[in-house]
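Enquirer: Before I ask anything, let me first share the structure, which is written out below as structure tokens.
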Amino acid sequence: MSIGWERLDDIVSRKYQCGHCGNIIASAKEYKAKSTQYWIYICPHCDEPTYFSGGAQIPGITPGNEVSNLPNDVEALYREARECIAASAYTASVLTCRKLLMNVAVSQRAEAGQSFESYIDYLASKGYVPPNGRGWVDHIRKKGNEANHEIRLMSSSDAMELIDLAEMLLKIIYEFPAKVPKTSKDGRSQ
């Protein structure tokens, strides 16, 4: 049995954050499944559909913020970890945050093929981890290990916590340094 959809001319606008473009919008186009409580709203910004059923929104909202000046592989992993949360794939997000640490360390010239703990040590010893930040970076590693080696599934709050920590680490290592003008050996801005 297929569900028929009808476009409603008398639109009841819905305010939501678009899972495609991230904008907070009020819908301009609305479709309702005949004889059910399923709705599709079309984003006026990107023209993509968002599906609602009860309290569920598909695609979900991608948490965290964009971080500038990331290497391509680091950017791809960070985006993947965020998109996993939007898809309710919390364990996958936690595992991706763990992998992100390895890629960050290697992008900062750590030797590939080392243990995860060695990557944390490398980031800390080279000054990429802020003072008193070793614990929260190590927390990403430990939570990732838990997701990888234990039966328990990760929760939304587990994944969101790691996204927040990963975002801060990425900003410290990549975004903030890129905002400071480069100086020459004689101390002048370039």
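Enquirer: Can you tell me which residue within the stretch 31-75, out of those that are within 13 Å of residue 166 (Cα to Cα) and of a type in the set (A, V, I, L, M, F, W, C), is farthest from the chain's Cα centre (by Cα)?
Expert: So the residue we want is 70.
Enquirer: Another question, then. Out of the residues in the stretch 18-72 that are surrounded by fewer than 13 Cβ atoms within 10 Å (Cβ to Cβ) and at positive phi, state the one that is modelled with the highest pLDDT.
Expert: By that ranking, first place goes to 47.
Enquirer: If you don't mind, there's one more thing I want to ask. For the stretch 148-162, state whether one or more residues are of a type in the set (Val, Ile, Thr) and within 18 Å of the chain's Cα centre (by Cα). So that I can check it myself, show each step before the final result.
Expert: So in the stretch 148-162, the residues of a type in the set (Val, Ile, Thr) come out as 151.
If we keep only those that are within 18 Å of the chain's Cα centre (by Cα) as well, we get none.
No, every residue in the stretch 148-162 fails to be of a type in the set (Val, Ile, Thr) and within 18 Å of the chain's Cα centre (by Cα).
Enquirer: Also: Within the stretch 147-165, is even one residue among the basic types (Lys, Arg) and under 14 Å from residue 91 (Cβ atoms)? Reasoning before the result, please.
Expert: Taking the stretch 147-165 and keeping what is among the basic types (Lys, Arg), we get 152.
Next cut, under 14 Å from residue 91 (Cβ atoms) only: 152.
Yes, the stretch 147-165 contains at least one residue that is among the basic types (Lys, Arg) and under 14 Å from residue 91 (Cβ atoms).
Enquirer: Right, next: Tell me, yes or no, whether the stretch 104-114 has at least one residue that is closer than 17 Å to residue 134 by Cα and either at pLDDT below 95 or part of a helix (DSSP H, G or I) (or both).
Expert: Looking for residues that are closer than 17 Å to residue 134 by Cα and either at pLDDT below 95 or part of a helix (DSSP H, G or I) (or both), one finds at least one in the stretch 104-114, hence yes.
Enquirer: Any idea which residue in the stretch 28-82 is nearest to residue 177 (Cα to Cα), counting only those that are in a helix (DSSP H, G or I) and in contact (Cβ under 8 Å) with a residue 40 or more places away in the chain?
Expert: Result: 74.
Enquirer: Tally time: how many residues in the stretch 126-154 are surrounded by fewer than 11 Cβ atoms within 10 Å (Cβ to Cβ) and part of a helix (DSSP H, G or I)?
Expert: 2
Enquirer: Suppose we filter 185, 143 for residues that are at pLDDT 90 or above and farther than 20 Å from residue 65 by Cα; which single one remains?
Expert: Values: 185 fails: at pLDDT 90 or above.
The unique qualifying residue is 143.
Enquirer: Take the residues in the stretch 73-95 that are hydroxyl-bearing (Ser, Thr, Tyr) and at pLDDT 95 or above, then tell me which one is surrounded by the fewest Cβ atoms within 10 Å (Cβ to Cβ).
Expert: 91
Enquirer: Starting from residues that are of a type outside the set (A, V, I, L, M, F, W, C) and out of contact with any strand residue (DSSP E or B) (no Cβ under 7 Å at 6 or more places or on another chain), keep the ones in the stretch 38-58 and report whichever is farthest from residue 170 (Cα to Cα).
Expert: Among them, the one singled out is 54.
The values are calculated or read from the model by the stated rules, or taken from the named source; none is laboratory data. Everything numeric here is computed off the predicted structure, so don't read it as measured data. Methodologically, a virtual Cβ is constructed for each residue, glycine included, from the backbone with ideal geometry; neighbour enumeration extends over all protein chains shown.
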